[in-house]
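Below: the structure, in structure tokens.
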Amino acid sequence: MGIKRRHWAWAAASLAVVLLAATGCTSTPDARAEPTDAPSASRAPSTPVARVCAKPAAGPAKAPAGAVTVDPAVVGDLAEKTKSSPPNTTFWLRPGKHRLAPDRYAQVIPKEGNRYLGAPGAVLDGGKKNQYAFGGSARNVTIRYLTVQRFVAPHDEGVVNHDSADGWVIEHATIQHNSAAGMMAGSRQRVRANCLRGNGQYGMNAYKANGRISDLVVEGNEIVGNNTGDWERRRKGCGCTGGIKFWAVNGADIRGNWVHDNRGTGLWADTNNNDFRIENNVLEANDGAALIYETSYNAVIRKNTIRRNNWVEGRREAERGDSFPFATVYVSESGGEPRIRARTDKIEIYRNVLEDNWSGITLWENADRFCNSPANTSSGDCTLLVRDTDRCAKPAIGKPPLYGDCRWKTQRVDIHDNRFVLDKSVVKCTVKCDRMAVLANYGTYPDWSPYQGERVAEAITHKQDNRWHDNVYLGPWKFVAYDPSRVLDFGQWRGKRYLQDSGSTLGPRAGG
């Protein structure tokens, strides 16, 4: 399931790749200041912060009419009453600490349409013994106003909606201090106004073992301090951490969330996601990138406030001497594809404010990563244009349409009307924290690859309609094109060879 993070040298090739190496120490969650407005036509509106964890909404103090009351003094009462009640039952959990039977597989198995409401102070506690809180395949289950904590799900699994059932609504819940993922996701899931805090691997793992997820809404949540288990260090390059990880999700609205102080990446869409809208979020103080959009398609990323991200991971790689432009917004083998239905046929990144992050936006494509290549770390998956991986082989892969369709392409990325602010005295860096980039590696592997040499670097830089324009830059920004060795100034970046950032401006920043 995990997607490996890449390094600038593949073991099998002399000139290959880095993606990201994600370790680092987590920041201590704290109350951040609200975004402030500065005069600029390119600045996004001030984005309110979803301070859910500090001020969780309270559930009903009395049982709603017709609800089944659950007693915290009776161990296993919630699971037993769920089992003995019909579908579409409402359960009201009294104040106090509710426990399941002391067996690791003891869990609540809802029936279709069940609703679980926590009274003020209602907590479902796994006691570090139970693996899962809520599981099963029942659809249209609702969980509100409940704290779920101290469950010990295995790696890559989740505590709430363990089996990724469809149609669940999870609102005003606090899901904290669990192993692995606080929750999983199914199609038509609504995740609103929750505190997803301090979970061992992910706040949420949007993954469905037996198919794709569609129509996912994640709105108004606080997602903080996750990946306490530091899994990228324990399984180096696993690509298996983040505030939220999305896998094969078709249609997602990620809006109004506060994603902060997570160890590693804030939001990470990985492998054949499509049709995302990521808007009006505050992404800040994550140890790694604020956002990674990897081997995926068609997205709108707009009106987000993105600040103080990637300080730990970016600095660590710079200190190791790595020349790769580690980014705060990282688009890796992802692009717009008109043949795949979505609300846009591009990746549009606009009206965002990026302030005092470690570098800016990197568009990257790994020439050695394609369907049927041993260098494809996407667990054997192929693109959405070629479902049968075995078709991507000699000699057919060397000619259209497979030459283009067997490769996840970073193409049709439109980056405009953003504000990029960098003060190196704030970031506390001297080099390599000031990059905007579009590049690829020199293709070498495998020996039958049709993408060897500079073909992909030439394509991503000049032929795949990747454009920056009408942005505002404040600070000592540099620009990287083609490969990591080509570090450009603003004039070179805008010149006739690269033709980037028409209509954009570059100005000084105090301390920059």
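Treating cross-link reach as a plain straight distance, find the lysines whose alpha-carbon is under 24 Å from the alpha-carbon of Lys83, omitting any fewer than eight places away in the same chain.
Of all the lysines, those that pass the test against Lys83 - Cα under 24 Å, at least 8 places apart if same chain - are Lys62, Lys97, Lys111, Lys128, Lys129.
Under 22 Å between alpha carbons, and skipping anything fewer than 8 positions from Lys236 in its own chain: which lysines qualify?
Once the sequence-local lysines are set aside, what remains near Lys236 is Lys4, Lys245.
What value, in deg cm²/dmol to 500, does the helix sum -39500 (n - 2.57) over DSSP H runs of n ≥ 4 give at 222 nm once divided by the residues of the chain?
-1500 deg cm²/dmol
From zero outward in steps of 20 Å, how is the percent of C-alpha pairs of region 68-507 spread across the bins?
26, 52, 20, 2
Ignoring ligands, DNA and RNA, please state the percent of accessible area on the chain from carbon and sulfur, probe 1.4 Å.
That fraction is 50 percent.
How large is ³J(HN,Hα) for each residue in region 349-356, as worked out from phi by the Karplus curve 6.51 cos²θ - 1.76 cosθ + 1.60 (θ = phi - 60°), to whole Hz, x for Gly and Pro?
10, 8, 6, 9, 10, 10, 10, 6
Accessible area per residue for the chain in Å², computed with a 1.4 Å probe and the full protein assembly in place, what is it?
Counting only protein heavy atoms, the per-residue value for the chain is 36 Å².
For Asp345 and Ser485, FRET efficiency with R0 = 35 Å and r from the beta-carbon atoms, rounded to 0.05?
Working from the Cβ atoms, E equals 0.60.
Would you kindly derive the ³J(HN,Hα) couplings of region 315-320 from the backbone phi angles with the Karplus curve 6.51 cos²θ - 1.76 cosθ + 1.60 (θ = phi - 60°), listing them in order in whole Hz, with x for Gly and Pro?
In residue order, the calculated couplings are 5, 4, 5, 5, 5, 7 Hz.
Among the lysines, select those whose C-alpha is under 18 Å from the C-alpha of Lys424, and discard any that sit fewer than 8 residues away in the same chain.
Straight-distance partners of Lys424: Lys432, Lys478.
Please list 127-136, 265-274, 236-245 highest first by mean number of surrounding beta-carbon atoms within 10 Å per residue.
With the highest mean Cβ count within 10 Å placed first, the list reads 265-274, 236-245, 127-136.
So how do 282-292, 341-351, 483-493, 162-172 stack up, highest first, on mean other-Cβ count within 10 Å?
282-292, 162-172, 341-351, 483-493
Return the whole-Å distance between the Cα centroid of region 138-201 and the Cα centroid of region 484-498.
Centre-to-centre distance over Cα atoms comes out at 46 Å.
Stretch Lys55-Tyr105 to full length: gain in nm at 0.36 nm per residue minus the Cα-Cα span?
Fully extending the segment from Lys55 to Tyr105 adds 14.8 nm.
From a point 7 Å beyond the Cα of Glu112 in the direction of its Cβ, which residues of region 65-102 have a backbone N at a distance under 15 Å?
Residues 86-89 fall inside that zone.
Under the classification rounded if a/c is under 1.5, otherwise prolate if a/b is larger than b/c and oblate if not, where does region 316-406 fall, given a ≥ b ≥ c as square roots of the Cα gyration tensor eigenvalues?
oblate
The values are calculated or read from the model by the stated rules, or taken from the named source; none is laboratory data. Just so it is clear, the structure is predicted and the values come from calculations on it, not from any experiment. Here the Cβ is made from the backbone with ideal geometry for all residues, glycine too, and neighbour counts use every protein chain on show. All accessible areas refer to the heavy atoms of the entire protein, side chains included, with ligands and DNA or RNA removed. Shrake-Rupley method; radii C 1.70, N 1.55, O 1.52, S 1.80 Å.
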